[in-house]
1. Go through the range B:181-207 residue by residue and tally those that are assigned to a helix (DSSP H, G or I) and in contact with a helix residue (DSSP H, G or I) (Cβ under 9 Å, 6 or more places away or on another chain).
2. Going by the conditions given, is D:Gln184 within 14 Å of chain A (Cβ to nearest Cβ) and either within 20 Å of D:Leu27 (Cα to Cα) or open to solvent by 10 Å² or more (accessible area, probe 1.4 Å) (or both)?
3. Search the range D:234-250 for residues that are within 12 Å of chain A (Cβ to nearest Cβ) and open to solvent by less than 100 Å² (accessible area, probe 1.4 Å) and pair each with any residue that is assigned to a helix (DSSP H, G or I) and of a type in the set (D, E, K, R) when their beta-carbon atoms are under 7 Å apart and the residues are at least 6 apart or on different chains.
4. Being aliphatic (A, V, I, L, M), over 15 Å from A:Gly223 (Cβ atoms) and touching a strand residue (DSSP E or B) at 6+ places or on another chain (Cβ under 6 Å) narrows it down to one of A:Leu158, A:Leu170, so name that one.
5. Can we say B:Arg230 is facing chain D (nearest Cβ under 10 Å) and open to solvent by 50 Å² or more (accessible area, probe 1.4 Å)?
6. Check off (1) assigned by TED's automatic domain parsing to the domain that holds B:Leu153; (2) modelled with pLDDT of 90 or more; (3) not charged (D, E, K, R) for B:Ala319 and give me the number that stays unchecked.
7. Which members of the range B:1-28 meet the condition of being touching a Gly at 6+ places or on another chain (Cβ under 9 Å) and modelled with pLDDT under 85?
8. Restricted to the range B:183-199, and to residues that are open to solvent by less than 20 Å² (accessible area, probe 1.4 Å) and not β-branched (Val, Ile, Thr), which residue is farthest from B:Tyr136 (Cα to Cα)?
Amino acid sequence: MVVLALDGLEVYYGEIHALKRVALEVQSGEIVALLGNNGAGKTTTLKTISGLLAPRQGTVSFETRPLTGVPPHEVVARGIAHVPEGRRIFNRLTVRENLLMGAYLRRDAGIADDLERVFALFPRLQERITQVAGTLSGGEQQMLAIGRALMARPRLLLLDEPSMGLAPVLVEQIFATIAEVNRQGTTILLVEQNAAMALSIAHRGYVLETGTVVLSGTAAALGENAEVRRAYLGE
Amino acid sequence: MIHAAASIALLIVSGAMVAVFPRSILAFLVFQGSLVAIYVARIPAWLRALLLGTALLVMMPVIGAWNGYYLEVATQVGIFVALALGLNIVVGLAGLLDLGYVAFFAVGAYTWAIVGSPHGNIVFGGGFPLSPWAFYLFLVVGLLVAAGTGILLGLPVLRLRGDYLAIVTLGFGEVIRVLANNLDKPINLTNGPKGITPIGRPPVPPFMSYSEGFYFLVLLIVIVVILVNRRLEDSHIGRAWEAMREDELAAQAMGVPLVRSKLLAFACGASFAGVMGVVFSAKQLFINPESFTFLESIGVLAMVILGGMGSIPGAVVGATVVTVLNLQVLKGFSLWLNELKNADVTVLGYNLANLPTQLEPAKYERMVFGIILVVMMIVRPQGLFPARRRQRELGQ
Amino acid sequence: MDLELLVGIFPQVLLDGILLGFMYALIALGYTMVYGVLEFINFAHSEIFIVGAFVGVEILLGLKSAGVLDSVPWVLVLLLILVAGMLASGVLAVSVERIAYRPLRHAPRLIPLISAIGVSFFLQDAIRLFESIWRNAFNLVYPTLDVLNHRYDLTATVDVPLKSLVVIVAALLMLWGLWALVNRTKIGTAIRAVAEDQAAASLMGINVNRIISLTFLIGGAMGGAAGVLFGVQYGLINPYTGFIPGLKAFTAAVLGGIGNIPGAMVGGLVLGLLEAFAASYLSLLTGGAFGAEYKDIFAFSALILILIFRPKGLLGEVVRERA
Amino acid sequence: MTGLFEAAGVSKRFGGLTALHGVDYRLDAGIASIIGPNGAGKTTLFNIFTGVYPADEGRVTFRGQPVLGLRPDQITALGVCRTFQNIRLFANMTAIENVLVGMHARVRVGLWDALARTSRFHASEQGSWRGGLDLLERVGLRPKANEIARNLPYGDQRRLELARALGSQPALLLLDEPTAGMTQAEATSLMALLRRLVADLGLAILLIEHNMRVVMEVSDRVTVLDHGEKIAEGVPREVQTNPRVIEAYLGRRAAAPGGGRAGA
């Protein structure tokens, strides 16, 4: 079942044409990777889905309902959580406060259970629960950012560059956790510079170049594509 | 070609209008407007210079001979143009929001007021007022004193970030005003709220009246100020200011000494205000602290913003518009309303004679400024004549 | 110099300073709340503050002309004008944000500041225009509530009027309430989250515009309360009265560390005491050479000095800046 | 003999957080890299080297001259210039103007020359423009000299920042994650440019970099920071096989021959 569908998206930053007729789909239960260099429009795509940017043309729909023009705080309510580029945790709030902000819209009783679930995925966060988030290490901050997004209990998780600035040794851990989150039932759309890593856990992928989708296919097919190997895998 | 002909025609027609209706404010506004129109018209540079030169050097004094008030307005406009250009360096080019700019104007004004009037005797003993010729020397002294004040203030505060600087300069403006108001004791430097008078006027060439003399003096200073502005802007100094405005940390990392560059901007801006302060005090014959309030600082800021931050023609037009608005439009509207009141006119059944005197439009200068500032920020934050990027190419 | 006199007036000056300090602290809250969230100096807050004072005086004058001012219990009257003043100023602050600041949210820093100065000027004359039409006068005097002028003797030489106690108690209550709201509630956490990163906050499902409106509402309401208390305490107001206290209160907020609620109180008290002592002692100590008028110079010099040595203010945190 | 650039015992604390703990560093020539996880103190070290932060302890010298306590612009004038992790161009100025600002420390004319338009001034301006255009040529941006920096594509902005830093004629260039956000192919071409700069201008270059392939290919020497301490230093091969580095930073997979990239 298609949960997320983008069609004919045209997005501008001022005069700069950032996305040109972008169309893509995410099926329920998938991990889909978006590859491309900086400026290709990967982050722009995620921001348009979560409502931070408004497309000039085209549509976004989520679980068959249109999502175009819905402001970010309502997109969250619909079941999409976005872990932005650079993590953007609240540095001056404690780890607990950060996680609770993730569950800001929820009024149900399951918040405590979900806290436990996040701590099961990231035991380090539990150790630092009262610490101010700004004092966490880079890896812990990334865990917090993902954990915070999971607190919204999203059906679709948008991840922007989860490996950015992390030690290679941590990147492996984070990607293992992302795969685990997906196994637990969350659909994931992943933007990543580290193409090898992304393709290693993704089911399918799209390649963006200067705002246009130029390639798409299964992760395995993309990994074998000569162009992808040259430009993104450095061979 | 059409533009050239239209420009010449506009100048002649508006000049003729003023000649025919020497008391009509509207006619004079059209004349002023035509100067702006000529400035922006697509005509050759030499023609523009010729037309503006004719208007400012010949027509304006002639108009002034018919109606002295217009020459007064033109002189006031000139003073504010110089102030706006000075503030334009500080705010527009260097990006330092100075909300106490009028303090430097006050420093210049008091510098000449004290030595150019008998009040100097109270401060320094005998020998005052100085000879009127000293006025010309004191143009330079006023410049130096104001620049020095700018550096003294700048040294401690220019390390502060933008909006803190704004508040500190605002505070400084208030401090200068409080000092002017209270330094009648222990030594009587400023004569307090009573102000200083009579302030000496400079000698002018024998064939000119005082008001013509001031007009040409102010015009000359404005031309010098514009020249200085342009040369600074188009040099490594101007580029360093702009870089600082864009990103302080990066500018410093590229070798721009922040405090020194900011001090230079501050001192340049202050020195223009200082010179004009000297001129202002001599022209008015009388100054007191009321001429140097926060409202004046904001007025000058409004001129810079209205014209377009960092833009020299913008500052000139902004200063003209705001000064004319204050001196002519609001006052003119008040006068007109008064005439209606005296004539017992009724509007929608309401007799205007019952209108409280508190409602005179001239008293609502702040409201007009306020609306201008807010509307400009929302509709056209870049100003009427935004600074254009210089496109330049240098042959190898 | 009369040492006995200097010592004798000390407690009274201290009391005046504390009173003034709390007044500044209350006004400073409006600046600090808004600055904390938007990093923006709401220059019009001094007028939002004085609007509270005008609403208070209008209600009092209305009650007085209706002849019921003395028959209603003073506590009720005070509560009524406080609530009305808070409401009016709060709503005004929200509207100002909506009209003059929100369209400029993404503009360079100077742009909204200049717009705020414009609003400040506009409001000053708007109040004047309104009162000129309504009462044909814009310098208004608070009708006295006799009970509030009752003085309690603390010692043989020092007494304190009830109205000053009211100001201090009200200020402490509001400061505490606001601190608790921001630090102990979910909505407060959301305010802090928006303060730190608006885009990230919106991704949490926080309606950023609503939180910003709420911040202006709270800050404005605090200002309105301060305005009413200012009127009750000092009596005489006009549309331009708010400007200097507003400026001082901002100074206090910066002194204490802007964006920081306890900082507003500390800064307010420091400034209030500094001014009270400068006003009373300067003339005495210099044999009349420098009068009380120089207290403003002290206030601004203190601001400059403190900013030089502690750029983030007395209680301001040193946030690590990423290069 | 003193090296080109030396640091000894540099420590820095932010509040209760120790960002750097007694770091020694020395660079004489060629290209050196500093790697380590985010928060390891790499950028802090750069900020101390360039005078953005004061250090709590330690000493830093450039050509034997103490650097700590100098302002960033003074350090730039000495011959150390930098770029920033998150590109900090003068966004509303043109490309050539950005480079001209970079040359500020080398301008030898003053206020009076600018006001009076002396012949010295004209000569200096002409020299600056010519030099600036040459630098743009070098990084391949000559045709875009008059474009506003903000409107340039991302890769061009990174290269413009490099040209701007070169404007100050540095002997040592500090680059903070120059290939961040570049594809492998773009990163490789940038590294070739850096190699040419070292050869042509005799520059020394110090990189902070996350792209392990770039680091290992281009560096003469690699230093690893973790939790504010230097945990390893040496030629790429040594560092890559150092067990402590593998444990704290690289991980088994990346350390394997031809291992993948770390992060962006």
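The values are calculated or read from the model by the stated rules, or taken from the named source; none is laboratory data. These numbers were taken from a predicted model, which means no experiment stands behind them. So basically every Cβ, Gly included, is an ideal-geometry build from the backbone, and we count neighbours across all protein chains shown. The area values use the complete protein model at the heavy-atom level, side chains included, leaving out ligands, DNA and RNA. Shrake-Rupley method; radii C 1.70, N 1.55, O 1.52, S 1.80 Å.
1. 4
2. For D:Gln184, the condition - within 14 Å of chain A (Cβ to nearest Cβ) and either within 20 Å of D:Leu27 (Cα to Cα) or open to solvent by 10 Å² or more (accessible area, probe 1.4 Å) (or both) - is not met.
3. What qualifies is D:Ile246/D:Arg252.
4. Result: A:Leu158 is the single residue among A:Leu158, A:Leu170 that is aliphatic (A, V, I, L, M), over 15 Å from A:Gly223 (Cβ atoms) and touching a strand residue (DSSP E or B) at 6+ places or on another chain (Cβ under 6 Å).
5. no
6. (1)
7. B:Ile25, B:Leu26
8. From the range B:183-199, those open to solvent by less than 20 Å² (accessible area, probe 1.4 Å) are B:190, B:192, B:195-196, B:199; that's our starting set.
Next, only the ones that are not β-branched (Val, Ile, Thr) stay: B:192, B:195.
Details: B:Gly192: 26, B:Gly195: 22 Å.
Per the stated criteria, the residue is B:Gly192.
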